Amino acid sequence: MHVLVVENMPHSMLGLVGTALNEAGGTLDIRKAYLGDALPEGPDEHDALVVLGGEQSALDDALFPYLPDLAVLMARFGERDRAVLGICLGSQILARAHGAQNRLGVAREFGWQEIRLTEEGRCDPVLATAGRSFPIFQWHADTFSLPPGAVHLAENETTANQAFRIGRASYGMQFHFEAGRAVVAEWKSLYADQIDRIDPSWLAGSAALEARFGAEAEAAGLALARAWVQQIRRRDLPETAGETRAA
């Protein structure tokens, strides 16, 4: 299982998704696109694609000219039935790739927030593994319209489109389900100044918030990560009529 991972800023960690990929024996091809690493033109050499978060918007083409190519690449993976996962900014780029409207600065969320599954989400093979509602870590200001043909999977009061699926296994998740407690602790250390600008009281109260929400959020995130990894179809496994092969 060979997985392409695209990073859009430093310290955009795979976290729980990395845990699930490691459990499944995956190998990673990490491209730091924000530093100029080249992106492949298509999915021929990879079984799946993960696009992580970032501080830029999905429309920041002038500062990050690789963004249009990344959107095309995400669409191409989906067209070839390769599993795709877009997290936070990655979900916004996936939405762009499939014709949605990106909406900047209109959906600000930070910290552990509750989300709930839609009726379709409760039947989805990935989202349903986390339960009908659960707390999960958020850090975003942008959102998007639902792409044409997408299945709406999760929502909350602040952000209507928390998760969606295109086709069999292209998933956009606005929330940081990869961010277990270890990742959040590292972000607290690395980005204390930015967090203070968002909410000057959050760091002081974060231990109590973690005690309340951290374990449940981490369990939900790991369930989602493992379930998405199960959607990856390895190219070295033969297809059998009427049977879905996963690894």
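The values are calculated or read from the model by the stated rules, or taken from the named source; none is laboratory data. Since we're looking at a predicted model, the values are computed, not measured. Backbone-built Cβ (ideal geometry, glycine too); neighbour counts: all protein chains shown.
Structure notes:
- Hits in region 1-25 (condition: hydrophobic (A, V, I, L, M, F, W, C), closer than 19 Å to residue 215 by Cα, assigned to a helix (DSSP H, G or I) and touching a strand residue (DSSP E or B) at 6+ places or on another chain (Cβ under 9 Å)): 17
Residue-wise test of (1) in contact with a helix residue (DSSP H, G or I) (Cβ under 8 Å, 6 or more places away or on another chain); (2) at pLDDT below 95; (3) β-branched (Val, Ile, Thr).
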{"site": "201", "(1), (2), (3)": "no, no, no"}
{"site": "218", "(1), (2), (3)": "yes, no, no"}
{"site": "229", "(1), (2), (3)": "yes, no, yes"}
{"site": "237", "(1), (2), (3)": "no, yes, no"}
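- Within region 105-127, tally of residues that are touching a residue at least 60 places away in the same chain (Cβ under 8 Å) and within 16 Å of residue 227 (Cα to Cα): 3
- For region 79-195, the strands (runs of 3 or more DSSP E) that sit wholly inside it and include 2 or more residues that are of a type in the set (A, V, I, L, M, F, W, C) and surrounded by 21 or more Cβ atoms within 10 Å (Cβ to Cβ) are 83-87, 109-117, 133-140, 151-155, 163-166.
- When residues of region 68-77 are limited to those that are touching a residue at least 24 places away in the same chain (Cβ under 8 Å) and out of contact with any Ser or Thr (no Cβ under 9 Å at 6 or more places or on another chain), the one farthest from residue 8 (Cα to Cα): 76
- Among the residues making up region 13-42, those that are over 20 Å from residue 220 (Cβ atoms) and in contact (Cβ under 8 Å) with a residue 40 or more places away in the chain are 25, 26.
So that you can scan it fast, the table gives a plain yes or no per residue for (1) closer than 26 Å to residue 77 by Cα; (2) out of contact with any Asp or Glu (no Cβ under 8 Å at 6 or more places or on another chain):
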{"site": "132", "(1), (2)": "no, yes"}
{"site": "155", "(1), (2)": "yes, yes"}
{"site": "168", "(1), (2)": "yes, no"}
{"site": "183", "(1), (2)": "no, yes"}
{"site": "199", "(1), (2)": "no, yes"}
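- Test: residue in region 200-222 that is surrounded by 14 or more Cβ atoms within 10 Å (Cβ to Cβ) and outside any helix (DSSP H, G or I): no
- Residues of region 28-47 that turn out to be over 17 Å from the mean Cα position of the chain (by Cα), more than 19 Å from residue 80 (Cα to Cα) and outside any helix (DSSP H, G or I), as a count: 3
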